[in-house]
Amino acid sequence: MERFHYLDNSLERPARMNDPLDYVPHALCQRAAEVVKSYIATLPETWQAEVAAGKMMGVLVCEDAEGRLGFVAAYSGQIGGREDWPWFVPAVFDYLQPDGYFKEEEGRISALNAHIEALQASADFMAAKTRLQQLREEADVAVADFKMMMQEAKARRDARRRQPDVTAEEAEAMVHESQHQKAELRRLKGRWRERLGAAEAQLRPMADAIGRLREERRRRSDALQRWLFDHFVMLNTAGVGRTLTDIFRATPQGVPPAGSGECCAPKLLQYAFLHGLRPLQIAEFWQGRSPKMEIRHHDHFYTACRGKCKPILEWMLGGDVKDGRKGKDGKDEKNEVDVLFADEAVLVVAKPAGMLTVPGRSGAPSVESWLRERYGEVHMVHRLDMDTSGLLVVARTLAAYHSLQRQFLARTIYKRYVAWVEGVLPVGERGTISLPLRPDPDDRPRQLVDHEHGRTALTRYEVLRTEGGRTLLWLEPHTGRTHQLRMHCAHSEGLGMPIVGDALYGRRADRLWLHAAELHFRHPVSGEEMRFEEEAFYPGGQS
């Protein structure tokens with residue numbers, strides 16, 4: 001097999017397959033990735049340029065039927081409009097063949113697009129559309145002017161009626177004037193309705209024709225997407241095939257997202273199952289520039305996406321996909337909470353890294369469940385990411401909860417974090433990061449930077465010191481978006497330096513080195529200013 005690339009057969013092999021959704025890249029995968037990068041360097045410049053623009057690559061270390069060690073490699077999507085480049089595994093279903101149904105139907109849909117664009121740009125359509133818009137604007141102005149005249153006339157009549165010398169005849173004339181103006185307004189509106197109706201009648205046949213073409217385009221596009229997903233048949237470890245349509249039917253969205261089945265992990269596993277290779281370890285790594293909205297760093301390894309890949313991989317690998325969240329050395333992190341302050345209204349606690357703030361679907365311990373067992377009624381006012389450690393204020397009564405909520409909404413509660421980031425910044429530097437964020441629907445819980453649809457997110461930072469190629473920061477979030485500090489540190493429009501140990505936006509380490517170190521708020525009962533600091537320890541043993 002020209003796509004199976006042999007490795008040193010004497011290398012130690014892992015006991016079992018890793019989880020594509022939660023892993024540390026194995027040394028064999030790292031070695032295979034280096035081979036892939038060396039091979040890419042031998043390819044034509046056009047090929048290398050597309051990879052340099054940003055591409056996810058993947059490797060799957062396997063054993064062949066004779067027990068020899070090797071790997072197969074893949075790229076996500078297409079390169080140069082092709083999914084069948086030699087040396088890499090092919091697509092699960094190659095729908096890009098020039099004479100295939102997909103390309104032919106895609107051509108028909110493109111022809112519909114061209115027809116729609118031509119009709120919309122035609123002189124008759126543009127003239128009729130412009131004429132209708134002009135008439136609507138003229139109608140609005142004419143009616144508004146007449147209403148303004150009526151208001152002025154009414155004001156004059158009301159002022160006259162308050163005068164003591166107004167006669168009965170004059171009062172009756174004012175009533176008639178009011179009635180006449182109201183009737184004239186109705187006639188004015190009627191005349192404009194007639195003119196607008198005539199203009200709409202002139203535009204309607206062309207608009208209806210465009211609407212029918214749009215509906216045909218939508219119908220054809222939907223049918224082509226269904227046809228495509230029905231032809232992606234994914235194999236599992238037992239060699240049983242299942243279409244993407246079937247795999248995603250039980251998911252919340254009910255249908256596969258665009259691009260499903262074209263990521264590296266499904267392609268690699270499909271090839272292995274088809275060719276009798278036994279998967280040992282899988283890994284995906286980014287090459288080239290990061291996309292503008294999401295965070296991808298050159299040469300960094302990433303887990304498979306959840307929106308498009310998780311349902312597929314759960315089918316293909318079954319029990320080998322657990323999507324677990326483990327701490328250092330695969331062990332659960334500390335599940336104890338330090339209570340720093342307690343009275344009848346509030347608790348202030350220090351959450352350990354690796355512990356949920358509130359209960360999740362996994363049933364793992366959380367700060368809330370831990371506190372309920374010991375204090376009874378508690379109300380979580382705010383949260384920290386599971387991987388983040390540090391200070392939380394918790395209400396013990398509904399009255400305290402609402403008081404603290406009002407303080408959060410008014411942004412009078414002060415929070416400050418410390419974090420180590422990858423890279424070096426000048427000591428003493430201060431700045432503000434403003435990058436709007438929104439969730440990535442295809443890869444939750446990842447966030448995206450979206451300047452059009454994202455929610456405002458603002459963070460202030462100060463550089464404290466540097467050590468060993470890393471920088472220690474103060475971080476002050478002035479909004480509370482999901483993963484705000486992690487995104488603002490890692491994204492190229494922010495600091496461009498991921499927080500140490502950030503497996504989502506940087507590199508995995510023994511933990512995420514982000515800690516909620518300061519918390520100030522007003523006591524919900526006494527009104528006293530409450531200030532708490534929690535010491536954090538970081539790589540190298542320094543706080």
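The values are calculated or read from the model by the stated rules, or taken from the named source; none is laboratory data. Not measured: the values here are computed from a predicted model. So basically every Cβ, Gly included, is an ideal-geometry build from the backbone, and we count neighbours across all protein chains shown. Remember, those area values only see protein heavy atoms, side chains included, never the ligands or the DNA or RNA. Shrake-Rupley method; radii C 1.70, N 1.55, O 1.52, S 1.80 Å.
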With the dipole of segment 131-276 defined by +1 on each Lys or Arg Cβ and -1 on each Asp or Glu Cβ, the option from 263, 175, 192 whose Cα lies farthest towards the positive pole is 263
Residue 169: accessible area at probe 1.4 Å, nearest 10 Å²?
-> 130
Stokes-Einstein D in µm²/s, Kirkwood radius over Cα pairs - segment 377-416 at 4 °C with 1.567 mPa s viscosity | 119
The Cα extents of segment 288-437 along the principal axes, largest first and rounded to whole Å, are 53, 46, 27
Globularity index of segment 91-213, i.e. its alpha-carbon radius of gyration over 2.2 N^0.38 Å = 2.04
Zone of residue 479's modelled label, taken as backbone nitrogen in segment 397-438 under 12 Å from a point 7 Å along Cα→Cβ = 433-438
Among 116, 362, 26 the positive-end extreme of the charge dipole of the chain (Cβ point charges) = 116
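Report the rotationally averaged projected area of segment 379-520 based on its alpha-carbon convex hull, in square nanometres.
Details: hull surface 36.2 nm².
Projected area, direction-averaged: 9.0 nm².
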Placed amide H near residue 500: partners under 5 Å, 5+ positions off or other chain = 420, 421, 422, 513
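Between residue 341 and residue 16, what FRET efficiency comes out of the Förster formula 1/(1 + (r/R0)^6) with R0 = 60 Å and r the beta carbon distance, rounded to 0.05?
On the way: r = 46 Å, r/R0 = 0.76.
Between residue 16 and residue 341 the formula returns 0.85.
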On a C-alpha basis, how far is the centre of segment 117-160 from the centre of segment 447-472 in Å? Whole number, if you could?
-> 49
Can you give me the P(r) profile for segment 483-537? Cα pairs, bins 5 angstrom wide beginning at 0, each as a whole percent.
-> 5, 17, 18, 15, 14, 11, 9, 7, 3
Simple Cβ-charge dipole of the chain, Lys/Arg +1 and Asp/Glu -1, about Cα centre, in debye nearest 20 | 1300
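Relative contact order for segment 344-391: what percent, with Cα pairs under 8 Å and sequence separation of 6 or more?
The value is 47 percent.
Mind putting a number on the dipole of segment 162-253 about its Cα centre? Charges go on the C-beta only, +1 for Lys and Arg and -1 for Asp and Glu, and I need it in Debye to the nearest 20. Let's see the in-between values first.
On the way: 18 positive and 14 negative charges, 160 e Å.
In debye, rounded to 20, segment 162-253 gives about 780.
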Just the number, please: carbon plus sulfur as a percent of the accessible area of the chain, 1.4 Å probe, no ligands or DNA/RNA counted.
-> 51
One finds the C-alpha centres of segment 1-74 and segment 497-519 to be spaced, in Å, by 28
Rounded to whole Hz and in sequence order, give me ³J(HN,Hα) for segment 189-200 from the Karplus expression 6.51 cos²θ - 1.76 cosθ + 1.60, θ = phi - 60°, writing x for Gly and Pro.
-> 4, x, 5, 5, 4, 5, 5, 5, x, 5, 5, 5
Amide H neighbours of residue 18 under 5 Å, at least 5 residues apart or on other chains, H built in the peptide plane: list them.
-> 282
For 12, 529, 262, give the ranking by accessible area with the largest first, probe 1.4 Å.
-> 12, 529, 262
So, in Å, what gap is there between the alpha-carbon centers of segment 88-110 and segment 277-302?
-> 26
Using θ = phi - 60° and the Karplus form 6.51 cos²θ - 1.76 cosθ + 1.60, what ³J(HN,Hα) does each residue of segment 518-533 get, whole Hz, x for Gly and Pro?
-> 9, 8, 10, 7, 8, 4, x, 9, 7, x, 5, 6, 9, 10, 9, 10
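Find the eigenvalues of the gyration tensor of the Cα atoms of segment 16-133, then list the square roots of 5 times those eigenvalues as equivalent ellipsoid semi-axes, largest first, in whole angstrom. Spell out each step's value before the answer.
Numbers: eigenvalues 417, 54, 45 Å².
Gyration-tensor ellipsoid for segment 16-133: 46, 17, 15 Å.
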Give a residue-ordered list of calculated ³J(HN,Hα) values for segment 38-49 (Karplus: 6.51 cos²θ - 1.76 cosθ + 1.60, θ = phi - 60°; whole Hz; x for Gly, Pro).
-> 5, 5, 4, 5, 8, 7, x, 4, 5, 5, 5, 5
Each label point is 7 Å from the Cα along the Cα-to-Cβ direction; what then is the distance between the points at residue 238 and residue 121, in nm?
-> 5.6
Within the chain, what percent of beta bridges assigned by DSSP are antiparallel, to the nearest 5?
-> 95
Segment 86-155 - convex hull of the alpha-carbon atoms, volume per residue in Å³ | 183
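Per residue, how much accessible area does the chain show when a 1.4 Å probe rolls over the protein heavy atoms, in square angstrom?
Working: 27510 Å² over 543 residues.
Here the residues of the chain average 51 Å² of exposed surface.
Per residue Cα convex hull volume for segment 7-58, in cubic angstrom? All intermediate terms of the calculation are to be shown ahead of the outcome.
Details: hull volume 4.7 nm³, N = 52.
So the per-residue Cα hull volume is 90 Å³.
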Pull up all non-local amide H partners of residue 232: gap of 5 or more, or a different chain, and H-to-H distance under 5 Å with H placed in the peptide plane.
-> 244
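Given Cβ point charges of +1 (Lys, Arg) and -1 (Asp, Glu) and nothing else, what value in debye, to the nearest 20, does the dipole of segment 1-111 about its Cα centre take? Don't skip to the end; give the middle numbers.
Details: 10 positive and 18 negative charges, 52 e Å.
Computed charge dipole of segment 1-111: roughly 260 debye.
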At q = 0.21, 0.22 Å⁻¹, what is the log10 ratio I(q)/I(0) for segment 156-277, with the Debye formula run over Cα points and no solvent?
-> -1.14, -1.19
